[in-house]
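The structure appears below as structure tokens.
The values are calculated or read from the model by the stated rules, or taken from the named source; none is laboratory data. Worth saying up front: this structure is predicted, and the values here are computed from it rather than measured. Here the Cβ positions follow ideal geometry from the backbone for every residue, glycine too, while neighbour counts run over all protein chains shown. The accessibility values were calculated without ligands, DNA or RNA, using every heavy atom of the protein model including side chains. Shrake-Rupley method; radii C 1.70, N 1.55, O 1.52, S 1.80 Å.
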Amino acid sequence: MTNAAAQYFRNIKDAVRTTAKGMKITLKYWLREPAITIEYPDRLGEGRTADDIVQDRFRGFLRLDSSICIGCLQCMKTCPIDCILITTEKIGEERHLTRFDVDQSKCMYCGLCVEVCPTSAITFSKRFEGACYDIRELCISHIHQPAPVAKPKAKEKEG
Amino acid sequence: MLNTYGNIFVFFVMGFLFVFMSMALVKLIAPSRPNPEKNMTYECGEDPIGSGWINFNARFYLIAILFIIFDVEIILVFPVIVNFRDNLLAGGGLAAFIEIFLFVTVLFLGLVYAWRNGYLEWIRTVRRQLRVEGRVTKVKDILSEEAEGRG
Amino acid sequence: MPAQYNLVNRLNEDSRMILTTVDRALNLARANSVWYLLMGLACCSIELMQTGGPRADIDRFGSLFRATPRQSDLMIVAGTVSLKMAPRLKRLYEQMADPKYVIAMGSCANCGGLFNLSYSIVKGVDKILPVDVYLPGCPPRPEALTEALIKIQEKIKNERYLRKKE
Amino acid sequence: MTEFLSDEMVLNMGPHHPSTHGVLRFILQTDGEMMRRAIPDVGFLHRGIEKIAELLPYQAFMPYTDRIDYLASICCNFGYALTVERLAQIEVPEKAEYLRVISAELTRIGSHFVGLGALLLDLGAVTPFVHALREREVYNDLMESLCGARLTHNYVRIGGVSYDEPPGFREKTRRFIDHIEYEFLDEFNELASFNTIFINRMKNVGVITAEDAIEHSLVGPNLRGSGVKHDIRKNDPYSIYNRFNFDIPVGHGKFGTMGDCYDRYWVRVEEVMESCRIIRQALELMPETGPVRTKLPRVFKPPKGEIYVRTECPRGEMGFYLISDGGKNPYRLKIRTGSFSAAAMIGEVSQGVMVADLVTIIGSFDVVAPEIDR
Amino acid sequence: MHNLAEIIYQFLAGRFGQSALLEPVFTLAAYLIPCIVALSLVSVISGLLTYFERKVSADIQNRIGPNRVGPYGIFQFIADGVKLLMKEDIIPDAADRFLFRIAPYIVLSSTFLAVIVVPFGGPFIIADLDIGLIFIVVVSSLVVVGFLMSGWASNNKWALLGGIRSAAQMISYEIPAALSLLTVILITGTFSMQQIVMKQGPWPWDWFIFHNPFTFVAFFLFMISGLAEINRLPFDFPEAESELVSGYNTEYSGMRFGIFFLAEFANIFVSASITATVFLGGGNIGLDPYTSGIAPQLFMVLVFFAKVVPLCFVTIWVRWSLPRLRLDQMMSMCWKYFIPLSFSCLVLTALWLLAFNGNGVFWRISG
Amino acid sequence: MKISDLIALLKERLRDVIVGIEEMPNNDVMLEIKRHDLLPVLTTLKKDKELGFISFTNQLGVDYGDSFAVIYNLYSFALGNKLTVKVFLEKDNPEVDSVERLFRGANWFERETYDLLGIRFKGHGNLERLLLPSDWEGYPLRKDYVYPEEYHGMALKRKTLFEE
């Protein structure tokens, strides 16, 4: 009986003590701790853009440097879900890239295409903003007019 | 002439009017595009199984009865409490105190009685009931019915 | 007589002006109070939580989550929609009160994404719901979701609410 | 005492319900507030990952393992890579092993944060959950600087890892784990774990005995919560886990019965601390430089054979049963996950509890829907 | 002159002269003006409280909170209100349409009724009823009817559970709340709110919370039971988000839900003002509320709100600090801890008064 | 326990029923048995004091083209050893005894195998589809599975954005 009574009052004491402790912590946060919010998009701070809030290695939208692309189609073949479409055409003597589309709505940002690229022509940019009203906007064409592919010699240079 | 209860009445009416007017405004400007799917009862995206109007096992009936007992007795103690101060100042404090004490003690004994008999435990009763009844619908049936309904 | 000198037309025009202003104010209010349905389907749901969390804090835009579709304005389809889930998702969308908006968050919701090879996935949530904003990413960053919310807000602001048709 | 006769109420909890952690569905048969039983209905996120594995080359399947358990993607990467490596007998560079362990343990911390936080959220305590999310942001930044993604890291490759550590990574990681172990967890425990209300919600609820836990194939923290000292990192060590000194936290009935929800919760809290210990040691031992990836042929074909490899994920044993026919795609890949048996167990332990307890029980098992459905 | 209606009536009569013709107009005006003012005041206050709650929660969670609508987002509640007005109003087919519609009326009206006897400081009390405190206790239990009604009428199982829970919870916590108020009645000997305020003084030692140790305990008992009465965490069972989706208002959309929302926050305000009035001296600055000039009277209002706002803050603060109890724990907490404790507070306060001849701990200081 | 010792021990205990026993990579033993021996063998493995394979860690079904197989992964806390048990089934009638009674954790594993491969488990209490909808047709993990065109009016194919 005394045990039960002691337990009864211990319960009250515990409840009060632990509640007070918890509330002390939240009060501390209310009073002292500053917000860690990054006010994307408009109040990022002096001279900061959206790209600055991501880390260097961030895997954003794919980017193509068409001047060094050798048109080897490795990235297209290695993509498990076929979100890259490249067509090449022989215009005159040289092979030309006529189309280099990346379906960013489908892309899973895995990096397999980037790893496989022998010349590092396709890389990740830091861009992550791409919300749009029409899904077709997310199919991004990197080539607007046929561009000659780079010489495969570059491949050996890159190793 | 002015009556304080007039205030209460006006307030009550105004409270009603407040809601009524906002609802009228809603009627005026809010869209209304009902369809059978929308007007279906929400149950986490599933077809509701059965109606919500069932015989509800409300163990709190008991709590309600306890509440009424307590509330009634508290009301009985009200006059004593209101007059306690006057009695005290008039020298009759001890009698008033004894009165309150007796009342509260009786109430308290009632609580202790309920406590001892386990009326304040919610879970115990149910465990027993679960053992006694064992009325459990086959879930298989529910799932297959659903599949039929969809197909 | 030119139409603009007609008194009735004049009144009409005035009221249209007023309606436009009121409309704009109402849309502004609506855009700043977009409550989203708390529904995480897959990976994106974690980023959805993070968006409500302290770093991105979607509450800045007056958005908070509601657990029931009746009280929410925005459905964020955060993740893969399987064929088993699709009817439920559609029902949840239907049960939301008008006006309502949908964000397809992440590749899976956009077009099936990396699960295009699968047999049990809806290839794009726009096949079952009208999607307002598509958001790429797998999963999108919280900031990207914030951007999608801003797109939704812009859409709301450009809507004609009282003036149904000109 | 009079028994009030009442109808049985059958109601759906999920697939859209705030506390079912993704898309689970429970069919509750209740008697008012009291539940007679809860029948789990899963598969709302069945994405056919095992079938996809049969359609893709070995390397290309790696990103999919991220999505098996999105909270602990590196642990899944790790398990899959390990399976293929053991089958094909590929040596992994020393540094890559360390980076794998560090990132996997960091992921464990991050995953447990969501697990613990979500449980608290289900119990109505929003603030600890948001605080856990805040720490997760730091963790996310750390992982982003290492792997380039916040959630689906896709860091581990067959034969190594994709990137070397970025500059300043060690220092940042050390600061992070110090903050977690010495500051954040203390505060978190004060705020949540040791709160009387919280303890009362958790103790003696959903008790699973050790025998039951083994019988129902529970794994990971759920098994350890029942007092079974079994951790694949110790009992069947893989990678370089045998080089580290760490304990296996087990439930011992801290406040109530052994194997209750609180024990499962507390095992996770302690695991976070153990992970911090492992990371600290790994950071000390990790070589400064060195290769991080073994070069594989472009068309990679492991030898014919079958293998079963188990790794310890935040949600318990992650087993990959891989059958290779010598081709470039796996012939069959079965993924055994911790949440799968845990979800089955939820139905078993939730008989005769209250609706509110079901929420606690689901939270304490820390199930993740895609792990169940795959 | 003990209430606002009379003051206004006298003022109007003095201004325009008394006549049989104008008297009904005066009467109506005397009733309506304070009513409308109080209603709009309480609506705005509860709106501001929603903003306050979101800001406080944001601060506690290292966030910023709403900051886009107006300076620091202060007009967020207006945006929310307007949006709710423009949302579709859904009544499910399976619901009991009449009860479904009537429930918000009952919830809001009964919440607003409690405002009648709240002394805003000075003469600003809408009706100083003799039974003021009992009136509040009675009226606040009317809210239960509304909740139960909405839960039942929705024909939704989550809503039903929420409604039943609210009934069980609110009637249980009614007892400790009423009992802890009675400890003060022992001291004052009257139920009139204005009298209760006037019996206290401007300084903390004059307040009833510090009258004796038992009123001190009763204060906390009332605070916590008040949390339960207004369905705030750790007692927010009727709308426990993670358990019952959204509880009794699961099926409510648009403004009907908005009215529940408004009532919830109005309840916070009412509960805080009762606490401030009964235990913390209300708007008492040591002057007579009726005869002093307009400046002291306004100061009294200020004092009153200076006490209410921290109490509202505490309500919000608790919500963001604690997890939710379980239903049976909540019930046992009420019946096993709160009711015995409040009983003993009542008896011990009576004993204290008897022993010290009606004086408090600080009676020498407070004179 | 060493793999060779375990193989010797298993050979001694299960002399009559072993069809094949071999070492697997990753310290594992592959034990192949006949279909109708499954239940007795697993019972022995679990109940035998010395073996004590009480933990049922994994189960999967495989479509080997000309036959099905069900594979069980067991673990013994006492020995610290894993064991893989494999049963081959005929292609046209894939049926095997359920071990749900023996290992209660096997319940969902068997349902999943039934769901995805169509292997029936005799004596299972509730052998229904687990992951896929109950009105789904076909067994996806079979090698000859053809993807459905649509399910309840929802087409499974989507034009890629390149085509649009």
* **All-pairs alpha carbon distance profile, the protein assembly as shown, 10 Å steps from 0, percent** => 1, 8, 16, 20, 19, 15, 10, 6, 3, 1, 0, 0, 0
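What 222 nm value per residue comes from the helices of chain E, counting each DSSP H run with n ≥ 4 as -39,500 (n - 2.57) and dividing by all residues, nearest 500 deg cm²/dmol?
Details: 14 runs with 241 residues, N = 367.
Computed mean residue ellipticity for chain E: -22000 deg cm²/dmol.
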* Give me the Kirkwood hydrodynamic radius of segment F:3-155 in Å, from all C-alpha pairs, to one decimal place? -> 16.4 Å
* Asked: Among the lysines, which have Cα under 25 Å from the Cα of D:LYS229 when same-chain residues fewer than 8 positions away are ignored?
  -> D:LYS203, D:LYS254, F:LYS2, F:LYS46, F:LYS47, F:LYS49, F:LYS82
* To do: Please build a GNM for chain A, connecting alpha carbons under 10 Å apart, and tell me which residue among A:GLU94, A:GLU129, A:GLU46 fluctuates the most.
  => A:GLU46
* Could you sort C:110-116, B:80-86, A:9-15, D:271-277 so that the peptide with the highest average Cβ count within 10 Å comes first and the rest follow in order? => C:110-116, D:271-277, B:80-86, A:9-15
* Asked: Is the shape of chain E best called rounded, prolate or oblate, per the rule: a/c under 1.5 gives rounded, else a/b larger than b/c gives prolate, else oblate, with a ≥ b ≥ c the square roots of the Cα gyration tensor eigenvalues?
  -> oblate
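Would you please calculate the Kirkwood hydrodynamic radius of segment E:214-338 over all C-alpha pairs and express it in Å, rounded to one decimal?
Working: mean 1/r = 0.0612 Å⁻¹.
Over segment E:214-338, the inverse of the mean reciprocal pair distance is 16.3 Å.
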* Enumerate the amide H contacts of F:GLN59 below 5 Å, restricted to partners 5 or more residues apart or on another chain; note that Pro and chain-start residues carry no placed amide H. => F:ASN73
* B:ASP71 versus A:ALA4: modelled label distance in nm, points set 7 Å from Cα along the beta carbon direction -> 2.9 nm
* **Partnerless Cys - chain D, beta-carbon criterion under 4.7 Å** => D:CYS76, D:CYS147, D:CYS261, D:CYS276
* Would you grab the residues whose amide H sits under 5 Å from the one on E:LYS87? Only those 5+ places off in sequence or on another chain, please, with H modelled 1.01 Å from N. => E:MET255
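Of B:LYS27/C:LYS155; A:LYS151/D:LYS328; C:LYS90/C:LYS123; F:LYS91/F:LYS143; F:LYS11/F:LYS86, which ones are farther than 20 Å apart at the Cα?
Numbers: B:LYS27/C:LYS155 24 Å; A:LYS151/D:LYS328 30 Å; C:LYS90/C:LYS123 14 Å; F:LYS91/F:LYS143 12 Å; F:LYS11/F:LYS86 15 Å.
Among B:LYS27/C:LYS155; A:LYS151/D:LYS328; C:LYS90/C:LYS123; F:LYS91/F:LYS143; F:LYS11/F:LYS86, the Cα-Cα distance tops 20 Å for B:LYS27/C:LYS155; A:LYS151/D:LYS328.
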* Ordered by residue, what ³J(HN,Hα) values in Hz, to whole numbers, does segment F:22-31 give under the Karplus form 6.51 cos²θ - 1.76 cosθ + 1.60, where θ = phi - 60° and Gly and Pro are x? -> 8, 7, 10, x, 6, 6, 10, 10, 9, 10
* Cα centroid distance between segment E:1-54 and segment D:100-129, in Å? -> 54 Å
* To do: Arrange the residues F:HIS124, D:HIS252 by how much accessible surface each exposes, largest first, with a 1.4 angstrom probe.
  => D:HIS252, F:HIS124
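Could you work out the mean count of beta carbons from other protein chains within 10 Å of each residue's beta carbon in D:159-169?
Working: counts 0, 0, 0, 6, 2, 0, 0, 3, 1, 0, 0.
Mean shielding by partner chains, rounded to a whole number: 1.
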* **Ranking by accessible area, most exposed first, for B:TYR5, E:TYR173 with a 1.4 Å probe** => B:TYR5, E:TYR173
* Asked: How much net charge surrounds B:GLY92 when only the other residues with a Cβ under 14 Å from the Cβ of B:GLY92 are counted, with Lys and Arg +1 and Asp and Glu -1?
  -> -1
* Please state the Cα pair-distance histogram of segment C:35-148 with 5 angstrom bins from zero: what percent is in each bin? -> 2, 14, 25, 26, 20, 10, 3, 0
* Structure fact -> Mean Cβ-within-10 Å packing, highest first, puts peptides A:29-40, B:40-51 in the order B:40-51, A:29-40
* Asked: What's the average, rounded to a whole number, of partner chain beta-carbon atoms within 10 Å of each residue's beta-carbon in B:32-39?
  -> 6
* Ranking by accessible area, most exposed first, for E:MET223, B:MET21 with a 1.4 Å probe -> B:MET21, E:MET223
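For every helix of n ≥ 4 consecutive DSSP H residues, a contribution of -39,500 (n - 2.57) applies; sum these over chain F, divide by its total residues, and give [θ] at 222 nm rounded to the nearest 500 deg cm²/dmol.
Values: 3 runs with 33 residues, N = 164.
My calculation for chain F gives -6000 deg cm²/dmol from helical runs alone.
Which whole number gives the average count of other chain Cβ atoms within 10 Å of the Cβ atoms across peptide E:88-101? Working shown, then result.
Working: counts 13, 10, 13, 2, 10, 6, 7, 3, 1, 0, 0, 0, 0, 2.
Rounded to a whole number, the mean comes out at 5.
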* Structure fact -> Probe 1.4 Å, all chains present, heavy atoms only: E:CYS312 accessible area in Å², nearest 10, is 10 Å²
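To the nearest whole percent, what portion of all C-alpha pairs in segment F:6-62 is separated by more than 15 angstrom? Working shown, then result.
Numbers: 830 of 1596 pairs.
Here the long-distance tail beyond 15 Å is 52 percent of all Cα pairs in segment F:6-62.
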* Separation of alpha-carbon centers, segment D:216-264 and segment D:312-370, rounded to whole Å -> 16 Å
* Asked: Looking only at C:LYS155, C:LYS123, C:LYS84, which one moves most when chain C is put into a Gaussian network model with springs between Cα atoms under 10 Å?
  -> C:LYS84
* To do: Could you quote the convex hull projected area for chain D, Cα atoms only and averaged over all directions, in nm²?
  => 18.6 nm²
* Structure fact -> Expressed in µm² per second, the diffusion coefficient of segment A:50-148 from the Stokes-Einstein equation, with Rh the Kirkwood radius over alpha carbon pairs, at 37 °C and 0.692 mPa s, is 233 µm²/s
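Would you compute, from DSSP H runs of 4+ residues alone, the mean residue ellipticity of chain D at 222 nm, taking -39500 (n - 2.57) per run and dividing by the full residue count, rounded to the nearest 500?
Details: 15 runs with 169 residues, N = 374.
Mean residue ellipticity, 222 nm, calculated: -14000 deg cm²/dmol.
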* Rounded to the nearest 0.05, what FRET efficiency do A:LYS24 and D:ASP247 have when you use their Cβ-Cβ distance and R0 = 35 Å? -> 0.65
* Sequence-separation-based contact order of chain F, relative, with Cα cut under 8 Å and 6+ spacing, percent -> 16 percent
* Residues with beta-carbon under 13 Å from that of A:ALA131, excluding A:ALA131: net charge, scoring Lys, Arg +1 and Asp, Glu -1? -> -3
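Which GluC sites (Glu not before Pro) in segment D:76-184 pass both tests, a DSSP loop state and at most 16 other beta-carbon atoms within 10 Å? Mind dumping the intermediate values first?
Details: sites: D:GLU85, D:GLU91, D:GLU94, D:GLU97, D:GLU105, D:GLU135, D:GLU137, D:GLU144, D:GLU171, D:GLU181, D:GLU183; in loops: D:GLU91.
Within segment D:76-184, the qualifying GluC sites (Glu not before Pro) (loop, at most 16 other Cβ atoms within 10 Å) are D:GLU91.
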* Structure fact -> Which of F:LEU83, F:LEU132, F:LEU38 fluctuates most in a GNM of chain F (C-alpha springs under 10 Å)? That residue is F:LEU132
